[in-house]
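Working notes, beginning with the structure itself.
Readers should treat all values here as calculations from the given coordinates under stated rules, not as data from a laboratory. In this text the structure is predicted, and so the values were computed from the model without any measurement. Every residue, glycine as well, gets a Cβ built from its backbone with ideal geometry; the counts of neighbours run over all protein chains shown.
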2 protein chains.
Amino acid sequence: MATSLQSSASPESQALNTIAPQSPGSVYPHRHVRCIVKLGGAAITRKGELETIDDAVLASTTLHLREAMGLSDASLSLDWSRRNGVLITDLIPNSTGQHLDFPNAFVVVHGAGSYGHFQASKSGVNKGDLKNPLVKAGFVATRISVTKLNQEVVRCLASEGIPAVGVSPFSAGWSTHNKMLERDNVLEIQRAVDAGFVPVLHGDAVLDSTLGCTILSGDIVVRRLAEVVKPSFVVFLTNVPGVFDRPPEEPNATLLREIVVFEDSSWTIVDPPLGAEGKGGAVAAHDTTGGMSTKIAEAASIAATGIDVFVVEAGTPHALEVLRGNVKKLNTKSWKGTLIRSALGRSS
Amino acid sequence: MATSLQSSASPESQALNTIAPQSPGSVYPHRHVRCIVKLGGAAITRKGELETIDDAVLASTTLHLREAMGLSDASLSLDWSRRNGVLITDLIPNSTGQHLDFPNAFVVVHGAGSYGHFQASKSGVNKGDLKNPLVKAGFVATRISVTKLNQEVVRCLASEGIPAVGVSPFSAGWSTHNKMLERDNVLEIQRAVDAGFVPVLHGDAVLDSTLGCTILSGDIVVRRLAEVVKPSFVVFLTNVPGVFDRPPEEPNATLLREIVVFEDSSWTIVDPPLGAEGKGGAVAAHDTTGGMSTKIAEAASIAATGIDVFVVEAGTPHALEVLRGNVKKLNTKSWKGTLIRSALGRSS
């Protein structure tokens, strides 16, 4: 059954849906994506150690995803690889009565963290110019590193019975024009969702039709996916409890519990009411310090379309609660994290 | 510069070029692909051992590819990963005067061998039906295994300075309709070639719009790539010295040195002249035993378009000779392998 997915909004997206539309002969009905979840690079890897996964966070996040998707409790590993140290005949059941179906469709995107980041930054992939041998070498090295992480994330999800399929944006044809997204494969991601899989994308090195190449961040991938598949909500799992008014390690850093976004993507903090600091109950975008303001901008552009965005610490009970869809505006007092929502209300 | 690549020939291919055409704004001129090379799964892995690479064959093949591409002799590793056991600061040069350009563009496709084969065959991915939990589990397990091999092949090539980029067919949107190829991303592969990279594809589990899913063999990927990019020649690297008239381990198995293909893809053996066996100087397709006849059929359909196809043992001097483009009809006497060519002559 063909879906009626249409690209929305931005002029940038008008050019994008020249990719093949969903096959009219597809055997699977359309499935609504409940949640797009971003596994932050800083959350699932150890920042300071080259190519090192934070196993504990990835493992607990995997279990949270399993539960949130509504997979059955008995897990059948879908990773039948040698690393498990058992014979292939033990790995593969002759049949399985267990359903691998699950009611809540998810799409996963992960960042790079200590995979790819060193390679990309040391070589300047983000600046383009593949005629520079160092940039070209860095492009190759970055892709090797981020696809290695993608493989590990997919294996971890699959080992807990989640039917994860890796989709690398460069391979999938994602590309940019002067750093603006030019092509994607979101309709094919939807097709994989319809077939019952959980696509796992990531930040990647991609071709740029102006600069030669650049880095496509996982956050941009999330934004574009959200724009087209219109999930019920989006969750950013990070290594801190949410968005703060200043770097979280600073004294008196305050967790921003609720941010409201207007149609023009401008936003204001409504909880906590920061009026006590003499700012009249709201803090403008430029008052927030650090790299978080870029993240808020991406999240705000998603929230502006009526999709709730949550920022929460990976591996915590708060992460599980929000992934299960249990966090609503009215009961957020016991929940620790940041809700970024549209001033106009929710689309779902 | 936009290329004028057009799909040719088969009715099957008419539907394929609905993918985005090459970006008019691409910064790179069109590069002609000199050679598409298939690394046979049986050649680069150890058949009987689950997920085990034949390191010696892969390493020598990598060096052959380097030389055939015309890369400079001094190799700079483009794999800046932790496995190398050195510090990241030692891995990444501050700059490199070395050019990573090379005159001869290649596209690499590899088979699965002991990666993915077990997982796919035990679960029946080839038969489709993702509603069967075993098939769905097998699909995930197969993709994990083949992408693991792809990662290893890319790293091996990159470690010798080849700017290899992995492209997984499922991720790249390759799909089938009742096992017939329905979509591909060949124009994006050409774009990566134009940008100076060596795309590395593989046999993969893919979605099928009739059956649900199936296995897309590396041989089909090679055939489709050849159809669109029209390389000067195609090389199949295998674990035996070429195509034989019967399973090569049988007594009196004869290496078929030259096979001529007609416009309708029927073919005949012209060297050796098998008339001595009373077959009138040629052996028809159905006289050839074993799985090789499928391989010959794929090779024949490529050769029918005027592109020479060579089948040769990986890692041998004969493999290097043919990859360098040094094997011509007239000097093949000292060369050990099989040439499959069009009766009408060559297109290049």
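Sum up the charges of everything whose Cβ sits under 12 Å from the Cβ of B:Asp101, counting Lys and Arg as +1 and Asp and Glu as -1, but leave B:Asp101 out.
Cβ neighbours under 12 Å give a net charge of +3.
List the residues whose amide H sits under 5 Å from the amide H of A:Thr254, counting only those 5 or more places along or on another chain, with H placed 1.01 Å from N in the peptide plane.
Distant-sequence amide H within range of A:Thr254: A:Asp245, A:Arg246.
For the range B:125-199 and the range B:310-330, what is the separation of their Cα centres, given in Å?
26 Å
So which of A:Lys230/B:Lys136; A:Lys136/A:Lys179; B:Lys47/B:Lys148; B:Lys47/B:Lys333; B:Lys127/B:Lys179 end up more than 20 Å apart by C-alpha?
Working: A:Lys230/B:Lys136 26 Å; A:Lys136/A:Lys179 17 Å; B:Lys47/B:Lys148 16 Å; B:Lys47/B:Lys333 31 Å; B:Lys127/B:Lys179 9 Å.
Beyond 20 Å between Cα atoms: A:Lys230/B:Lys136; B:Lys47/B:Lys333.
Using modelled backbone amide H atoms (1.01 Å from N, in-plane), which distant-in-sequence or interchain residues come within less than 5 Å of A:Leu201's amide H?
So A:Leu201 has HN proximity to A:Val108, A:Val109, A:His110, A:Val167.
Which ³J(HN,Hα) values, rounded to whole Hz and listed in residue order, are derived for the range B:159-167 from phi using the Karplus coefficients 6.51, -1.76 and 1.60 in 6.51 cos²θ - 1.76 cosθ + 1.60 with θ = phi - 60°, glycine and proline given as x?
Per-residue couplings from phi come out as 5, 9, x, 7, x, 7, 10, x, 9 Hz.
Report the residue of chain A with the smallest Cβ-to-axis distance, using the rotation axis that brings A onto B, in whole Å.
Minimum Cβ distance to the axis, with residue: A:Ser171, 2.
Amide H to amide H under 5 Å from B:Cys213: which residues, 5+ apart in sequence or cross-chain, H placed 1.01 Å off N in plane?
Hits under the 5 Å cutoff: B:Gly128, B:Asp129, B:Leu130, B:Asp208.
Give the residue list of chymotrypsin sites (Phe, Trp or Tyr not before Pro) in the range A:136-194 that are DSSP loop and have at most 12 other beta-carbon atoms within 10 angstrom.
For chymotrypsin sites (Phe, Trp or Tyr not before Pro) across the range A:136-194 that sit outside H, G, I, E and B with at most 12 neighbouring Cβ atoms in 10 Å, the list is empty.
Sort shortest first the distances from B:Asn252 to its counterpart in every other copy, using label points 7 Å along the Cα-to-beta-carbon line, and give them in nm.
9.6
Considering only the label points, 7 Å along Cα→Cβ from Cα, what distances in nm to one decimal separate B:Asp101 from the same position in each other copy, shortest first?
Spacings between copies for this position, smallest first, are 5.8 nm.
Rounded to the nearest 0.05, what FRET efficiency do A:Ala253 and A:Asp101 give with R0 = 35 Å and r taken as the Cβ-Cβ distance? Could you check?
Numbers: r = 43 Å, r/R0 = 1.23.
Approximately 0.20, to the nearest 0.05.
Just counting partner chain Cβ atoms within 10 Å, what average do the residues of peptide B:143-152 show around their Cβ?
Values: counts 8, 12, 4, 0, 9, 8, 0, 3, 5, 0.
Shielding by partners across B:143-152 averages 5.
Hey, could you grab the Kirkwood Rh for the range A:150-253? Inverse mean 1/r over distinct alpha carbon pairs, Å, one decimal.
Values: mean 1/r = 0.0646 Å⁻¹.
The Cα-based Kirkwood calculation yields 15.5 Å.
Full extension from A:Lys333 to A:Lys131: what is 0.36 nm times the residue separation minus their Cα-Cα distance, to one decimal in nm?
Working it through step by step, the gained length comes to 67.3 nm.
Just for the range A:164-234, what percent of DSSP beta bridges are antiparallel, to the closest 5?
Percentage antiparallel, nearest 5: 65.
How many nanometers, to one decimal and shortest first, lie between the label point of B:Asp264 and those of its other copies, if labels sit 7 Å from Cα toward Cβ?
In nanometres, ordered from closest: 7.2.
With a point put 7 Å past each Cα toward its Cβ, work out how far A:Glu67 is from B:Leu344 in nm, to one decimal.
Taking the simple label geometry, A:Glu67 and B:Leu344 are separated by 6.5 nm.
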